[in-house]
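The values are calculated or read from the model by the stated rules, or taken from the named source; none is laboratory data. Treat the numbers as computed from the prediction; the structure is a model and nothing was measured. For neighbour counting, all protein chains shown are included, and Cβ atoms are generated from backbone atoms with ideal geometry for every residue, glycine included. The accessibility values were calculated without ligands, DNA or RNA, using every heavy atom of the protein model including side chains. Shrake-Rupley method; radii C 1.70, N 1.55, O 1.52, S 1.80 Å.
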Amino acid sequence: MSTGTAVRHEDRTGWLTGYTRSYLLADLSVGRANNFNLLRFFAASLVIVSHCSAIAWGQNPEFIWNYMGHLETGGSIGVLIFFAISGFLVVQSFVSRGRLKYFFAARALRIYPGLVTAVIYSVIIGAIATEWPLGQFLRDHGTRRFLIHNSMAYPIEFGLPGVFEHNPLKGGVNGSLWTLPVEIQMYLVVAAFGLLGIFKAKETYNAVFVGFLILAASVNSEALPIIAKHPEALRMVIAFLCGT
């Protein structure tokens with residue numbers, strides 16, 4: 001075989017090997033070319049479709065809910081995807097940054113600039129949509145609570161005075177914020193696990209995860225120390241820990 005033919009053969013073999021070899025998730029998640037943005041876009045689209053149905057008709061008669069035998073909505077599937085991705089990336093962030101202060105700084109920068117902007121925008125939309133006089137709306141305790149509490153991500157306020165009172169889903173303003181306290185709580189769990197050395201060996205983490213699943217299956221979910229007392233909160237925690 002000539003040298004040129006051998007080189008072409010090696011090129012073809014290398015190209016085929018690149019598509020058929022096995023990869024670890026750790027290999028594929030390095031850098032930004034990892035398709036997580038595509039997964040987030042898909043999950044966000046599911047949430048938007050689900051919320052539009054709830055806001056417009058009130059009882060979630062969305063086609064996804066009907067197709068899934070009334071077991072899952074598009075929103076619930078989307079949030080599970082978000083939490084699983086978050087569990088994967090947040091632990092990666094903790095392990096790569098090494099120091100706790102850098103980890104918390106990265107988490108705060110990830111959450112709060114966008115959150116505060118969204119809350120202020122919601123208040124502006126509320127001021128336009130409210131049935132109350134503008135001055136009364138801006139001076140009301142409910143408006144201040146919405147702005148301050150939601151900007152801190154706890155406790156979440158779901159209503160603004162006189163806003164969307166006649167919608168089928170009465171008074172709902174940016175209800176998707178309910179997931180943020182659970183998300184932030186899981187950041188604290190990741191930090192605690194990291195300090196305890198639980199991420200140093202996958203066998204150790206897997207044992208802790210299985211122990212949590214047994215506990216969750218054995219007790220009432222309301223007895224677990226989850227910040228958001230929402231019927232979906234436990235599933236969000238499990239999805240995050242699966243990603244972890």
Accessible area expressed per residue, the chain, with surrounding protein chains retained (probe 1.4 Å, Å²): 62 Å²
Three-way shape call for region 54-128 based on the alpha-carbon gyration tensor, with the a/c threshold at 1.5: oblate
Extension reserve of the residue 154-residue 141 stretch, reckoned as 0.36 nm per residue once the Cα distance is removed: 3.1 nm
Residue among 161, 113, 181 with the largest mean-square fluctuation in a Gaussian network model of the chain, springs linking Cα atoms under 10 Å: 113
DSSP-loop chymotrypsin sites (Phe, Trp or Tyr not before Pro) across region 56-127, with at most 10 other Cβ within 10 angstrom: none
Within the chain, helix-based [θ] at 222 nm, where runs of 4 or more DSSP H residues each add -39,500 (n - 2.57), nearest 500: -22500 deg cm²/dmol
Extension reserve of the residue 167-residue 104 stretch, reckoned as 0.36 nm per residue once the Cα distance is removed: 18.8 nm
Where labels lie 7 Å past Cα in the beta-carbon direction, separation of residue 97 and residue 204 in nm: 2.0 nm
Among [x] 40; [y] 29; [z] 50, the entry derived from the coordinates for percent of Cα pairs over 27 Å apart: [z]
Helical segments meeting 15 Å axial Cα length and Kyte-Doolittle 0.0 threshold in the chain (DSSP H): 36-57, 74-97, 100-129, 179-195, 202-218, 233-243
Trypsin sites (Lys or Arg not before Pro) restricted to region 91-170 and DSSP loop, no more than 16 other C-beta within 10 Å: 99, 170
Model label zone, residue 68; criterion: amide N under 15 Å from point 7 Å along Cα-to-beta-carbon; scope region 34-48: 42-48
Relative contact order for region 172-244, counting Cα pairs under 8 Å that sit 6 or more residues apart, in percent: 45 percent
Sequence-separation-based contact order of region 121-234, relative, with Cα cut under 8 Å and 6+ spacing, percent: 19 percent
Listed residues 143, 204, 73, most fluctuating in the chain (Gaussian network, C-alpha, under 10 Å): 204
Alpha-carbon centroid distance for the pair region 167-234 / region 144-165, whole angstrom: 23 Å
